[in-house]
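Laboratory data are not the source of any read-out in this text; all were calculated from the coordinates shown. Here the structure is a predicted model, which means the values were calculated and not measured. Note that we place each Cβ from the backbone using ideal geometry, even for glycine, and neighbour counts take in every protein chain shown.
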There are 2 protein chains.
Amino acid sequence: MIKLIVGCKRKAGLSRQQFIDYWKNRHAPLAMKDPQFWSRVRRYVQNYCMPVGTGQFSGTPAWDGAAELWFDSVEEMEAAFSGRQTVEILVPDLANFIELQSAVFLVSEENVIYSGAVA
Amino acid sequence: MIKLIVGCKRKAGLSRQQFIDYWKNRHAPLAMKDPQFWSRVRRYVQNYCMPVGTGQFSGTPAWDGAAELWFDSVEEMEAAFSGRQTVEILVPDLANFIELQSAVFLVSEENVIYSGAVA
């Protein structure tokens, strides 16, 4: 199993809430309706970064969002992003809510050190 | 519940495997032995970024590692990083395997859109 982490800044002009709304309520359902893509996704998590007012973690976050997508292998991930519907509809939809040039793609191996109360 | 994502490059001079070994087998156990820190951690995941040889995700990753740490709240996270043992032992240990100036800290809200086979 591998995990793709995609970090990005939200599209200029969108508020944090507009960015979250679009990503959660428009883009995610679009991904789920793309059979060649979605059949290969084993787990999907969206992380909404937030500004922290005070303290050691204060400041504007480097990213506004971080997506996490699990696939069986690098080959399966590549195949997921190669389908016609994915290339023509799902990937272009990203431009509606993120700054494409800000996107960072990280292919990784996940190691769950400790899993407490969170499922 | 909030989730802290910490991205970083490995320390210059370390191989990818040395970086992973230190983080997994030296730093993680140190974190677990720090009661003021560890008692506040709800879940802890290490992600080892990997170079991909070919295809649309090829190239050197922007980060070598991404840690994910869940806490009950921003306040709990701040408290976790304020303990004496944490400040004097755990945080300084980071310099043994990461390039400190490369570290990116992202406080986020997690939204699990779909959870398949992965626990």
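Would you compute, from DSSP H runs of 4+ residues alone, the mean residue ellipticity of chain A at 222 nm, taking -39500 (n - 2.57) per run and dividing by the full residue count, rounded to the nearest 500?
Numbers: 4 runs with 23 residues, N = 119.
Helix contribution divided over all residues of chain A: -4000 deg cm²/dmol.
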Checklist outcome for this item: Taking r as the C-beta separation of residue A:58 and residue B:1 and R0 as 22 Å, the FRET efficiency to the nearest 0.05 is 0.65
Next on the checklist: Treating only the Cβ of Lys, Arg, Asp and Glu as charged (+1, +1, -1, -1), what charge dipole size does the range A:1-114 show about its Cα centre? Round to the nearest 20 debye.
Outcome noted: 420
Checklist entry - Cα-Cα pairs above 21 Å in chain B: how many percent? => result 43
Checklist entry - If only Cα atoms are counted, what is the Rg of the range A:37-106, and what is its Dmax, in Å? => result 15.0, 47
Checklist entry - Relative to the other copies, what are the label-point distances for residue A:82, with labels 7 Å from Cα along the C-beta vector, expressed in nm at one decimal and sorted shortest first? => result 5.2
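Give me the compactness ratio for the protein assembly as shown, meaning the Cα radius of gyration over 2.2 N^0.38 Å.
Values: Rg = 17.7 Å, N = 238, 2.2 N^0.38 = 17.6 Å.
For the protein assembly as shown, the normalised Cα radius of gyration comes out at 1.01.
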Next on the checklist: Suppose you put the label 7 Å out from Cα in the Cβ direction; list, shortest first and in nm with one decimal, how far residue A:13 is from each other copy's label.
Outcome noted: 5.0
Checklist entry - What are the distances, in nm and sorted shortest first, from the label point of residue A:96 to the label points of the same position in each other copy, with each label point placed 7 Å from Cα along the Cα-to-Cβ direction? => result 4.9
Next on the checklist: Could you list B:81, B:37 so that the one with the fewest beta carbons within 10 Å of its beta carbon is first and the one with the most is last?
Outcome noted: B:81, B:37
Checklist entry - Which of the listed residues, B:101, B:86, B:45, is farthest toward the dipole's positive end in the range B:29-119, when Lys, Arg count +1 and Asp, Glu count -1 at the beta-carbon? => result B:45
Checklist entry - Alpha carbon centre of the range A:52-119 versus the range B:5-72: separation in Å? => result 16
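What pairs in A:9/B:3; A:9/B:33; A:11/B:11; A:33/B:3; A:3/B:3 have C-alpha atoms more than 24 Å from each other? Intermediate values should be presented prior to the final figure.
Numbers: A:9/B:3 18 Å; A:9/B:33 36 Å; A:11/B:11 33 Å; A:33/B:3 28 Å; A:3/B:3 17 Å.
Result: A:9/B:33; A:11/B:11; A:33/B:3 exceed 24 Å.
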Checklist outcome for this item: In debye to the nearest 20, the charge dipole size for the protein assembly as shown, taken about the Cα centre with +1 at each Lys and Arg Cβ and -1 at each Asp and Glu Cβ, equals 0
Checklist outcome for this item: Counted neighbours (other Cβ, 10 Å), sorted fewest up, put B:63, A:38 in the order A:38, B:63
